[in-house]
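For reference, the structure is listed below as structure tokens.
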Amino acid sequence: MSRRLTACAAVAALGTGLLVGCASDGKDPGGGSTTGGGGGGGAKTTLTVGVFGAFGLKEAGLYDAYMKLHPDIEIKQTSIERNENYYSQLLTHLGSGSGLADIQAVEVDNIAEITATQGAKLADLSKAPGVSKADFLPWKWAQATTKDSRTVGLGTDIGPQGICYRKDLFAKAGLPTDREAVGRLWAGDWSKYLEVGKQYKAKAPAGSAFVDSASGVLASVTGSSATRFYDAGGKVVYKTNPAVKQAWDTAAAFATNGLTARLQQFQATWDQGFANASFATVSCPAWMLGYIQDKAGASGKDQWDVAAAPKPSNWGGSFLVVPSAGEHTAEAAKLAAWLTEPAQQAVLFEKRGSFPSAKAAYALPSVANAQHAYFANAPIGQIFAKAAEGTPVQILGPKDLIISQNLADIGMLQVDQKGKSPQQGWDAAVKAIDNALDQ
């Protein structure tokens, strides 16, 4: 289960919270489409949408808005809370060609496998009415485009990252607190972030660390590289990729230099760390702001702020796909296209805090002028748009999630919490990944 999904319902009620909340587990990610009697005696076409968690489209009122524009359409959504349950069933239904919703959501950690192995069973949404490749970030469009140039998924949200930091702790450690000045401390290089951590440690307030976890640093650094775990040919290359080695060494240095609070993200102790001001910085995608607000509470208001990350980086995001086996693929493609138009993505950001993957939305007032009151009125629309536009086109692989989770939770966690050497942690992670991938 990706960390993005683990954040769950704690922030679902926050205006600038997570896209994904909690919903009751269902038995089926699909449900099929039907044509039945509608109000006023006219027949309506029912389109089904299968999602994981409280995906946000329904909660933001987008289905209701579409049905008002199209009285002949009725939209019904089914939701399974946990993505690993949802995704396994989606693969089963795609394999059999039955039991599918007209539109299915796909999480970014699964889109490479879906595109590579199931792309022939999905509609080419680049040809749907109203879809324009130019509206989307190039790297987001590329993530759901097959080798034969069929775009089988339209991006909903993304997770551009900044660095969230506590101004009060920075001030006590003799560091600047203005977000522009803070961003300049580490601009352009993750190793500068490490050096700032060492400066912080020299005058750190009692009971505080510079960063929450080495694993969080690892995810952020790898998220800023075009090539991570797979190469362009689909080969697993994380063991020999210099970018991964640099990310590992940088993150491990945070642990070996005593700069972390030695926490595991999305665990109860991590939540308590926010409440107790146990660390001064954390790498934070746009969707994490609501989570921090919830866990840090009223005492953290105006103490937390957001600065640009050392390099543009992404963590999270989702897509909509239309199975070709559906009864109403043309109508479903129109709906998927409309739901991912810049105007609707701006509404989703305004109502749910889900940052748009459609770059054309960034000029809209609800995005361009967006501020976050909890984070000292940080101009989050501008900060995260710049990060999104600077993120490289990243090569995704079918087992990215397995590799990243084992590097973090098997390898780096041992270095951070158990005092293992970076090499011992790496060896443990590689062994676990090899076993998982049957290598």
Which numbered condition GLY316 misses (of (1) in contact with a helix residue (DSSP H, G or I) (Cβ under 7 Å, 6 or more places away or on another chain); (2) of a type outside the set (D, E, K, R); (3) without any contact (Cβ under 8 Å) to a residue 40 or more places away in the chain):
(3)
It is to be established whether one or more residues within the range 157-165 are over 23 Å from GLY353 (Cα atoms) and among the charged types (D, E, K, R).
no
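What's the total number of residues in the range 117-155 that are of a type in the set (Gly, Ala, Ser) and under 19 Å from the mean Cα position of the chain (by Cα)?
At the first step, the residues of the range 117-155 found to be of a type in the set (Gly, Ala, Ser) are 119-120, 123, 126, 128, 130, 132, 134, 142, 144, 149, 153, 155.
Those left that are additionally under 19 Å from the mean Cα position of the chain (by Cα): 142, 144, 153, 155.
Total meeting the criteria: 4.
Residues checked against (1) within 18 Å of GLY300 (Cα to Cα); (2) crowded, with 24+ Cβ neighbours inside 10 Å; (3) in the same structural domain as ALA308 (by TED's automatic domain parsing):
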| site | (1), (2), (3) |
| --- | --- |
| TYR165 | yes, yes, yes |
| ASP168 | yes, no, yes |
| GLY174 | no, no, yes |
| ALA187 | no, no, yes |
| TRP190 | no, no, yes |
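One residue is enough: does the range 89-104 have a residue meeting the conditions under 30 Å from GLU389 (Cβ atoms) and of a type in the set (Asp, Glu)?
no
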Checking LEU122 against (1) in contact (Cβ under 8 Å) with a residue 40 or more places away in the chain; (2) closer than 30 Å to SER283 by Cα; (3) crowded, with 24+ Cβ neighbours inside 10 Å, the condition it does not meet:
(2)
Kindly list the number of the only condition in (1) farther than 19 Å from ILE292 by Cα; (2) among the hydrophobic types (A, V, I, L, M, F, W, C); (3) buried (at least 24 other Cβ atoms within 10 Å of the Cβ) that fails for ALA226.
(3)
For the range 256-269, state whether one or more residues are polar (S, T, N, Q), within 26 Å of GLY381 (Cβ to Cβ) and under 21 Å from the mean Cα position of the chain (by Cα).
yes
Among the listed residues THR222, THR177, THR240, which satisfies the condition of being of a type in the set (Ser, Thr, Tyr) and free of Cβ contacts under 8 Å to residues at least 12 places away in the same chain?
THR240
Among the candidates ASP416, ASP409, ASP427, residue that is within 20 Å of PHE266 (Cα to Cα), at pLDDT 95 or above and not small (Gly, Ala, Ser):
ASP416
Kindly list, by first and then second residue, each pair from a residue in the range 64-81 that is aromatic (Phe, Trp, Tyr) to a residue that is buried (at least 16 other Cβ atoms within 10 Å of the Cβ) and assigned to a strand (DSSP E or B), limited to pairs with Cβ atoms under 7 Å and residues at least 6 apart or on different chains.
TYR66/ILE73; TYR66/ILE75
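The values are calculated or read from the model by the stated rules, or taken from the named source; none is laboratory data. What you see is a predicted model, and the numbers here were worked out from it, not measured in a lab. We place every Cβ from the backbone using ideal geometry, glycine too, and count neighbours over all the protein chains shown.
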